[in-house]
Amino acid sequence: MDACFVTSKSFPATVEKLFPLLGSRISYSTRRRLFVSQFHQLKKVGTPLSVTCCQASSSLPSPSPQDEERPFAETDWRSFRARLVAGEKSSRSEEPSSVVNPDTVDDLPPPPAVTIGNKWAHTIHEPEKGCLLIATEKLDGVHIFERTVVLLLSMGPIGPTGLILNRPSLMSIKEMRSSVLDMSGTFANRPLFFGGPLEEGLFLVSPNEEGEDGLGKSGVFDEVMKNVYYGTKESVGCAAEMVKRNVVGLENFRFFDGYCAWERDQLRDEIKAGYWTVAACSPSVIGLSNVGNVGLWEEVLGLMGPKKVW
């Protein structure tokens, strides 16, 4: 079956097209279960760009008409899933507990619109690129990871890698004299955050709030989630050049000394053992302003609801 691109408003109509024999005679949650398999296809669609660093400039080409009408999958499938989760929670509290025969139910009114707001977070069962790992009480007393929030950058073949987001910065790159980041003078005064126990220099960067996303068009950085990219020591020179060309602002970078990594099955074993809770979140939750925020752990838990993570 081909991938189907929808918005939350077109969800009921799309279901009726996919399942004409059932139509609107089934409940909202049943429609959701019939359609949710289509969501996984949304994640697989996209057109990667491959542009060398030297091609990045402030005079980027205007988007084509096709770019203006990009399908939903290329915008933010995580928000789509969050609406499904929010709608499912809402329908559980509204639907009767008895089993309903779809052949005997009258047509139901359209389901209420589901809103999730600018900031949201919810649990997911499996780790994925762009998700958060939230330390549970089982890591209390483990100095490096106690009450940490880790952003997973990659689920590579060797194993997942990530950055601790909520450890404050105490010094700048120049003051730390870090050997893992071969910094040019452009970033010497930027704060340096602790990203994990393994020695490597990484950074997060977001595009300017106004204008085009020059970071994504450059092809230099890896996208973690919408409007959040990461780079390595090898891409620092390109990043400095982009700052000079006003493609991205100096304040749009967050640099990390160290990172976290797990072997292929190690992280899943730790999650199963109860050391981590896995959560999806909106880009605004892990925005650059929240890097180094010691209150991020409590904030994410609050967004996920009253239930504790352990």
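The values are calculated or read from the model by the stated rules, or taken from the named source; none is laboratory data. Bear in mind that the values here come from a model prediction, so they are computed numbers and not experimental data. Backbone-built Cβ (ideal geometry, glycine too); neighbour counts: all protein chains shown. Note: accessible area is taken over every heavy atom of the protein model, side chains too, but ligands, DNA and RNA are not part of it. Shrake-Rupley method; radii C 1.70, N 1.55, O 1.52, S 1.80 Å.
Kindly evaluate E298 against the criterion of being of a type in the set (D, E) and in contact (Cβ under 8 Å) with a residue 24 or more places away in the chain. Here the answer is no, as E298 does not meet what is asked. Among the conditions (1) modelled with pLDDT of 95 or more; (2) in contact with a strand residue (DSSP E or B) (Cβ under 7 Å, 6 or more places away or on another chain), Q266 misses just one, which is (2). Scanning region 146-166 for residues that are in a loop (DSSP other than H, G, I, E, B) and either without any contact (Cβ under 8 Å) to a residue 40 or more places away in the chain or within 19 Å of L204 (Cβ to Cβ) (or both) yields E146, T148, G156, L165, N166.
In summary, S172 fulfils each of the numbered conditions (1) surrounded by 14 or more Cβ atoms within 10 Å (Cβ to Cβ); (2) on the phi > 0 side of the Ramachandran plot with the single exception of condition (2). Residues in region 153-164 that are surrounded by fewer than 22 Cβ atoms within 10 Å (Cβ to Cβ) and either under 13 Å from the mean Cα position of the chain (by Cα) or among the aliphatic types (A, V, I, L, M) (or both): S154, M155, I158.
Across region 228-263, the qualifying residues are those that are touching a strand residue (DSSP E or B) at 6+ places or on another chain (Cβ under 9 Å) and among the basic types (K, R), and the one among them that is nearest to V291 (Cα to Cα) is R254. Of the residues making up region 194-204, those that are within 24 Å of S284 (Cβ to Cβ) and either surrounded by fewer than 17 Cβ atoms within 10 Å (Cβ to Cβ) or touching a residue at least 60 places away in the same chain (Cβ under 8 Å) (or both) number 4.
One residue stands out among those in region 115-134 that are over 18 Å from L204 (Cα atoms) and open to solvent by less than 60 Å² (accessible area, probe 1.4 Å): the one that is modelled with the lowest pLDDT, which is I116.
Which ranges mark the strands (runs of 3 or more DSSP E) fully within region 211-283 that have 2 or more residues being open to solvent by 50 Å² or more (accessible area, probe 1.4 Å) and in contact with a helix residue (DSSP H, G or I) (Cβ under 6 Å, 6 or more places away or on another chain)? So that I can check it myself, show each step before the final result.
Details: elements: 222-225, 228-232, 253-261, 276-281.
Counting at least 2 such residues, we get no strands (runs of 3 or more DSSP E) at all.
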